[in-house]
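One structure is given here, and the rest of the page talks about it.
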Amino acid sequence: MREIVVGGAQLGPIQRADSRAAVVERMLALLERAAKEGCGMVVYPELALTTFFPRHWMEEQAEIDAWFETEMPGDATRPLFDRARALGIAISFGYAERTPEDRHFNTSILTDRAARIVGTYRKVHLPGHSEYDADRAFQHLEKRYFEPGDLGFPVWRNLDAWMGMCICNDRRWPEVYREMGLQGVELIVLGYNTPSVNSQNGAEGLEQRLYHSELSMTAGAYQNATWVVGVAKAGEEDGHPLMAGSIIVDPNGYVVARAEGEGDELIVHACDMDRCTFGKTTIFDFARHRRTEHYGRITSQTGVVHPE
Ligand code: ING
């Protein structure tokens, strides 16, 4: 049995004024709790080191770049890598990446148990807008501050399992799960920062947002016979509420662990990777059942084209 005890390390709010060092202290506390619970791997949220800065309008590139990491691990995150290595726990977390070529991505990394980075993913689906929108109660400027990811949806062998990553809005797009499903993925880890309310009309309440987040992840898990771990940054950041709802989903699409609150919280589940096999060899045996000759629109078309 290839079992990985996975910890979902939900983070509560990070205020604009909070330092990376203070956040890493919180991440370390969750790592210690995970070690006590026998975790082999810990998953943190999207943009785990800072507040969700895309909600703020910024024009000076220096002010924008201050939110980005130019090396990983860096001074602020090295204590996390060092402790994870000492504990023999693999970690995954999201951060804003600024490359040596001065490109900007919403990125997440995956390490092995020796804190070596075995995988990097750059968020492909960037929601929101790129120019200031006065009609919004708050901005959502990921299209302004990040480029779409350029690495696709890779899958890596780690901890004797096939693992992949995605980030936040990616979890709403079935193509994301299928791209990894077609590589045999058994565990998809993702983080998210999802506002509790709609920035435009305040409607579409929290209950529906939690439902859509869970629906997206449970469907992706079931339809690709994979575990999915979705971890929130939650709570009120400078007056802006982010929803929680961190969950661990099994390869049949059942939620097997769920966060209770909106603060720093660890959810844990012993994930048997061999539980992916049944789905991958019956209903979702892709080689036996898929008919790609009929799927052309999915990659040839971006938007809707009505029949003549
Ligand atoms: N946030 C949100 C997400 O996809 C969003 C944006 C919120 C889209 C609610 C649709 C509905 O969860 C990020 N950061 O992608």
- Kindly provide the set of residues from the stretch 216-247 that are surrounded by fewer than 20 Cβ atoms within 10 Å (Cβ to Cβ) and either under 15 Å from the mean Cα position of the chain (by Cα) or without any contact (Cβ under 8 Å) to a residue 24 or more places away in the chain (or both), ordered by number. 218, 239
- Note on the structure: Considering residues that are in a loop (DSSP other than H, G, I, E, B) and surrounded by fewer than 20 Cβ atoms within 10 Å (Cβ to Cβ), the number found within the stretch 160-185 is 5
- Message: Quick check on residue 37: is it more than 16 Å from the ligand (Cβ to nearest atom), charged (D, E, K, R) and in contact with a Gly (Cβ under 8 Å, 6 or more places away or on another chain)?
- Response: yes
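Taking the options 80, 11, name whichever one is buried (at least 18 other Cβ atoms within 10 Å of the Cβ), closer than 21 Å to residue 268 by Cβ and within 16 Å of the ligand (Cβ to nearest atom). Steps first, answer last, please.
Working: 80 fails: within 16 Å of the ligand (Cβ to nearest atom).
Result: 11 is the single residue among 80, 11 that is buried (at least 18 other Cβ atoms within 10 Å of the Cβ), closer than 21 Å to residue 268 by Cβ and within 16 Å of the ligand (Cβ to nearest atom).
Out of the stretch 151-177, which residues are closer than 24 Å to residue 296 by Cα, in contact (Cβ under 8 Å) with a residue 40 or more places away in the chain and in contact with a strand residue (DSSP E or B) (Cβ under 6 Å, 6 or more places away or on another chain)? Steps first, please.
Just the residues of the stretch 151-177 that are closer than 24 Å to residue 296 by Cα, to begin with: 151-155, 166, 169-177.
Okay, now just the ones that are also in contact (Cβ under 8 Å) with a residue 40 or more places away in the chain, so 166, 169-177.
Once the filter is applied, which keeps residues that are closer than 24 Å to residue 296 by Cα, in contact (Cβ under 8 Å) with a residue 40 or more places away in the chain and in contact with a strand residue (DSSP E or B) (Cβ under 6 Å, 6 or more places away or on another chain), the stretch 151-177 yields 166, 171, 176.
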- Number of the condition not met by residue 155 [criteria: (1) more than 14 Å from the ligand (Cβ to nearest atom); (2) of a type outside the set (Ser, Thr, Tyr); (3) surrounded by fewer than 16 Cβ atoms within 10 Å (Cβ to Cβ)]: (3)
- Task: Output the residues belonging to the stretch 186-215 that are within 15 Å of the chain's Cα centre (by Cα), more than 9 Å from the ligand (Cβ to nearest atom) and assigned to a helix (DSSP H, G or I).
- Result: 214
- Query: Listed residues 104, 125; which is under 20 Å from residue 230 (Cα atoms), touching a residue at least 12 places away in the same chain (Cβ under 8 Å) and within 16 Å of the ligand (Cβ to nearest atom)?
  - Reply: 125
- Task: Please work out which residue is nearest to the ligand (Cβ to nearest atom), limiting yourself to the stretch 162-185 and to residues that are among the aromatic types (Phe, Trp, Tyr) and under 21 Å from residue 274 (Cα atoms).
- Result: 177
- Message: Can you list residue pairs whose Cβ atoms sit under 7 Å apart, with the first residue in the stretch 70-97 being farther than 26 Å from residue 150 by Cα and the second being part of a loop (DSSP other than H, G, I, E, B) and of a type in the set (Lys, Arg)? Count only pairs 6 or more apart in sequence or on different chains.
- Response: 88/113; 89/113
- Task: Could you figure out which of (1) among the polar types (S, T, N, Q); (2) under 26 Å from residue 276 (Cα atoms); (3) assigned to a loop (DSSP other than H, G, I, E, B) isn't true of residue 120?
- Result: (3)
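Okay, residues lined up against (1) farther than 23 Å from residue 115 by Cα; (2) among the hydrophobic types (A, V, I, L, M, F, W, C); (3) in a helix (DSSP H, G or I):
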position: 4; (1), (2), (3): no, yes, no
position: 32; (1), (2), (3): no, no, yes
position: 51; (1), (2), (3): yes, no, no
position: 57; (1), (2), (3): yes, yes, no
position: 73; (1), (2), (3): no, no, no
- Message: residue 147 - would you say it is surrounded by fewer than 19 Cβ atoms within 10 Å (Cβ to Cβ), free of Cβ contacts under 8 Å to residues at least 60 places away in the same chain, within 16 Å of the ligand (Cβ to nearest atom) and under 20 Å from residue 228 (Cα atoms)?
- Response: no
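Any read-out appearing in this document is the output of simple, stated calculations on the displayed coordinates, not a laboratory observation. Note that the structure is predicted; figures quoted are calculated from it, not measured. Cβ coordinates were reconstructed from backbone atoms using ideal geometry, including for glycine residues, and neighbour counts include every protein chain displayed.
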